[in-house]
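Enquirer: Next up is a structure, given as structure tokens.
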Amino acid sequence: MEIAVEVNGTTYKSDVEPRTLLVHYIRDVVGLTGTNIGCDTSSCGACTVHLNGEAIKSCTMLAVQADGQKLTTIEGLAEGDELHPMQQAFMECHALQCGYCTPGMVMASVSFLEENPDPSEAEVREGLEGNLCRCTGYHNIVKAVLTAAGGSK
């Protein structure tokens, strides 16, 4: 089936099998490997991307469902050499260890702050509960989100 998906501002026209997951389309067809495959069951959030500005887990959606849609991956957040404020906050707050969950965590955090621009620590923890990190205690991740929001509470 032929689809056309705008990924990070560039339209990709591709012939895909109807059963291809969006995460595999992003990685294998488009060639962007920042979106990670963690579980294929939507449990971990490593594959989180933005579809039309909203965070989704790309392992739960078929590529054909994204036909005609706008997709943003971790590679599309930065403006040239300038990191997105959330990426900068993750770096400054040491909000990663192995880094495997980081792209999905950053994407979920950006979407979370768009919905709740002035969250409390408890709200950040609740807002990111669908994204798992196996290496950290989440303290620095929460700190990074609060930093990107403009402060800490």
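Enquirer: Go through (1) touching a helix residue (DSSP H, G or I) at 6+ places or on another chain (Cβ under 9 Å); (2) under 23 Å from ILE3 (Cβ atoms); (3) in a loop (DSSP other than H, G, I, E, B) one by one and return the number of the condition LEU71 breaks.
Expert: (3)
Residue-by-condition table, conditions (1) acidic (Asp, Glu); (2) in the same structural domain as THR41 (by TED's automatic domain parsing):
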residue: GLN65; (1), (2): no, yes
residue: ALA95; (1), (2): no, no
residue: TYR100; (1), (2): no, no
residue: VAL106; (1), (2): no, no
residue: GLU115; (1), (2): yes, no
residue: ASN131; (1), (2): no, no
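Enquirer: Let me ask something else. Tell me which of these THR33 doesn't satisfy, since it passes every other one: (1) in a loop (DSSP other than H, G, I, E, B); (2) more than 16 Å from VAL7 (Cβ to Cβ).
Expert: All conditions pass for THR33, except number (2).
Enquirer: Let me ask another. ILE26: in the same structural domain as THR10 (by TED's automatic domain parsing), closer than 25 Å to GLY137 by Cα and either surrounded by 15 or more Cβ atoms within 10 Å (Cβ to Cβ) or of a type in the set (Lys, Arg) (or both), yes or no? Talk me through it step by step, then tell me what you get.
Expert: On the way: in the same structural domain as THR10 (by TED's automatic domain parsing): yes; closer than 25 Å to GLY137 by Cα: no; either surrounded by 15 or more Cβ atoms within 10 Å (Cβ to Cβ) or of a type in the set (Lys, Arg) (or both): yes.
So ILE26 does not fit the description; no.
Enquirer: Can I ask one more? One residue is enough: does the stretch 103-115 have a residue meeting the conditions exposed (fewer than 14 other Cβ atoms within 10 Å of the Cβ) and at pLDDT 95 or above? Write out each step before concluding.
Expert: So the first thing to find is which residues in the stretch 103-115 are exposed (fewer than 14 other Cβ atoms within 10 Å of the Cβ), and the list is 114-115.
Remaining after also requiring at pLDDT 95 or above: 114-115.
Within the stretch 103-115 (the criterion being exposed (fewer than 14 other Cβ atoms within 10 Å of the Cβ) and at pLDDT 95 or above), the answer is yes, since at least one residue qualifies.
Enquirer: Here's a follow-up. Need pairs with beta-carbon distance below 8 Å; first residue in the same structural domain as LEU22 (by TED's automatic domain parsing) and within the stretch 34-48, second modelled with pLDDT of 95 or more and among the charged types (D, E, K, R); sequence gap 6+ or separate chains.
Expert: These pairs meet every condition: GLY34/GLU75; THR35/ARG27; ILE37/ARG27; SER42/LYS57; GLY45/LYS57; CYS47/LYS57; THR48/LYS57.
Enquirer: Taking the stretch 29-49 on its own, how many of its residues are within 12 Å of the chain's Cα centre (by Cα) and surrounded by 21 or more Cβ atoms within 10 Å (Cβ to Cβ)?
Expert: Total meeting the criteria: 8.
Enquirer: Can you pull out the residues in the stretch 129-153 that are among the hydrophobic types (A, V, I, L, M, F, W, C) and surrounded by 20 or more Cβ atoms within 10 Å (Cβ to Cβ)? Let's see the steps before the verdict.
Expert: Of the stretch 129-153, the ones among the hydrophobic types (A, V, I, L, M, F, W, C) are 132-133, 135, 141-142, 144-146, 148-149.
Within the stretch 129-153, CYS133, ILE141, VAL142, ALA144, VAL145, LEU146, ALA148, ALA149 qualify.
The values are calculated or read from the model by the stated rules, or taken from the named source; none is laboratory data. Quick caveat: nothing in here was measured; it's all calculated off a predicted structure. Note: ideal-geometry Cβ built from the backbone for every residue, glycine included; neighbour counts use all protein chains shown.
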